[in-house]
1. Can you tell me which residues in segment 79-115 are within 17 Å of S45 (Cα to Cα), in a loop (DSSP other than H, G, I, E, B) and open to solvent by less than 50 Å² (accessible area, probe 1.4 Å)?
2. Out of all the residues in segment 402-418, which are open to solvent by 50 Å² or more (accessible area, probe 1.4 Å) and in a loop (DSSP other than H, G, I, E, B)?
3. So, S76, is that one without any contact (Cβ under 8 Å) to a residue 24 or more places away in the chain and open to solvent by 40 Å² or more (accessible area, probe 1.4 Å) or not?
4. Within the group D381, D398, which residue is in a loop (DSSP other than H, G, I, E, B) and more than 24 Å from R326 (Cβ to Cβ)?
5. Taking only pairs six or more apart or across chains, which ones have beta-carbon atoms under 6 Å, a first residue in segment 357-368 that is aromatic (F, W, Y), and a second residue that is part of a loop (DSSP other than H, G, I, E, B)?
6. Which ones in segment 419-463 are open to solvent by less than 40 Å² (accessible area, probe 1.4 Å) and modelled with pLDDT under 50?
7. In segment 289-312, which residues are within 26 Å of V244 (Cβ to Cβ), of a type in the set (A, V, I, L, M) and out of contact with any strand residue (DSSP E or B) (no Cβ under 6 Å at 6 or more places or on another chain)?
8. Which of the following residues is exposed (fewer than 14 other Cβ atoms within 10 Å of the Cβ) and either part of a loop (DSSP other than H, G, I, E, B) or at pLDDT 90 or above (or both): S265, S271?
Amino acid sequence: MSMIRCVRTWFVLGGILCVALTSGCGDETTAPAASVSIQLAPSNSGDQQTGTVGATLPQPLRVLVRRGSAAAPGVSVSWTAIHGSLSASSTMTDASGIASVLWTLGTLAGGQTSDARLPAQPGSPDTLALQVGFTALANPGPPSQLRFTVNPTNTFSGRPLFPSLQLSAFDRFGNLATDFVGSVTVALGASASGGSLSGSTTIPAVAGVATFADLSIDRAASGYTLSASAPGLTGATSAAFDVVTAGSGRIAFASNRDGNNDIYSMNADGSGVVRLTFHRAFAGAPAWSPDGSKIAFSAYGTAGSLAIYTMNADGSGVTALADSVRDPAWSPDGTRIVGSKGIRICRIACGVWYIRLFVMNSDGSGLVVLTNGFTPAWSPDGRIAFAYRGNISVMNPDGSGLINLTNESAGDGYPAWSPDGSKIAFVSNRGGDYDLYVMNADGTGITRLTGVVAVSGLARVPAGLCSLDLDQRHVPLFLALQRVEERVPGGGDEDGEIAGR
């Protein structure tokens, strides 16, 4: 804004009154109005408080509004709670330029935020000066209820529940009550079926969590539940689970039914499913030892590649044997394991992998690479059948006596011996789709057993699930071959078991 100002001088010259304009005539610009800004109050701003979820913080949130360098009374401040709620959505600054509200924290434990801001100022690009934020830490409330955070799963009679049972205390909003250190007790539910619960049934919580590592039930039955209690807290009841008798005739298989590929076992009729592994990435290709006491399997190891492990039939005693290996199969006497091993080579450039067959002792020692191949199977009389370049071959355990049984342009893989070693079942797409075939141990008499339509590499046959690497590119082609019980034309009943990925 400007105005005209003139300074006039009056004087008398020769009896005549004169007026002279001597200075100051012209435009003059006044200073602009000072801009406003907001900041945390210099003292007791209420920032970085700690409180309990759902409670009002003891100190109000306070901001100072300035116009230029002076306090600005009568300015409207808008308040927003990102978490929780505030006592007002807008307040006016007092004579000292201070505006304040009360903050009630939200119900989720952890860091919470809110802010205060001024209206946009015409012609002022400095929007940062118009907003200020507050933070607070919300602690869980007092414990009020128990929950099973790790439920019991199907298990074998007498074997400790695995993974370990876990009970946690929560506040009324569902936050883990980390201050709870009381004792938690578990007991069999109403459907105990005559079983007894053994182990440490009362455990003190640590940071709100009680872990029961040695609980077991001595009697097999379906529909067990566990109840949990703690003084002053609402109790909890677990999900139902089964206790299974460990015995012969069970089938081991891989499944991702719980969100991760792991090894399970079940009875031959599909009942009594028990999860055996709880691997962080992948577990598959289970293979029973001849006496049924152990299972060898493939899983990702510490080196980041597939490794071979063994475990007891109930999932206990997991032991790593060898890295960068897969597809285990036991020798008839249980003293050795054959499998596949990736070999990295460098010709023009590194990164080409060959799949080689190896044999090692059942404790992982004495590993010897024999020849190219994968998905091996050890016959009852000591020979090894395997797949390579789309064909089924056999050899002696030392690599000698190599014979190609199926000279086909199609993809043949996953051989499995009959119990007497006279026949070999295998998978092939020689008929257009991946189906199950059987042949004599010398490669003669090839007979197709199944004929189903495959959709995008997915085929169904009587029971089970495995995946195929028939083309050596490790493309998963799913085929039901976990347990095959087929009547072979021209022969007797043939039982074979292929524990593949």
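The values are calculated or read from the model by the stated rules, or taken from the named source; none is laboratory data. The structure displayed is predicted, hence computed values, not measured ones. Here the Cβ is made from the backbone with ideal geometry for all residues, glycine too, and neighbour counts use every protein chain on show. These area figures cover heavy atoms from the full protein model, side chains too; ligands, DNA and RNA do not enter into them. Shrake-Rupley method; radii C 1.70, N 1.55, O 1.52, S 1.80 Å.
1. A88, T93, G97, L105 - these are the residues of segment 79-115 that are within 17 Å of S45 (Cα to Cα), in a loop (DSSP other than H, G, I, E, B) and open to solvent by less than 50 Å² (accessible area, probe 1.4 Å).
2. L402, N407, E408, S409
3. Taking the combined requirement at face value, the residue does not satisfy it.
4. D381
5. Cβ pairs passing all conditions: F358/L367.
6. Once the filter is applied, which keeps residues that are open to solvent by less than 40 Å² (accessible area, probe 1.4 Å) and modelled with pLDDT under 50, segment 419-463 yields A454, G457, A459, V461.
7. The answer is none; no residue qualifies.
8. Testing whether each residue is exposed (fewer than 14 other Cβ atoms within 10 Å of the Cβ) and either part of a loop (DSSP other than H, G, I, E, B) or at pLDDT 90 or above (or both) leaves just S271.
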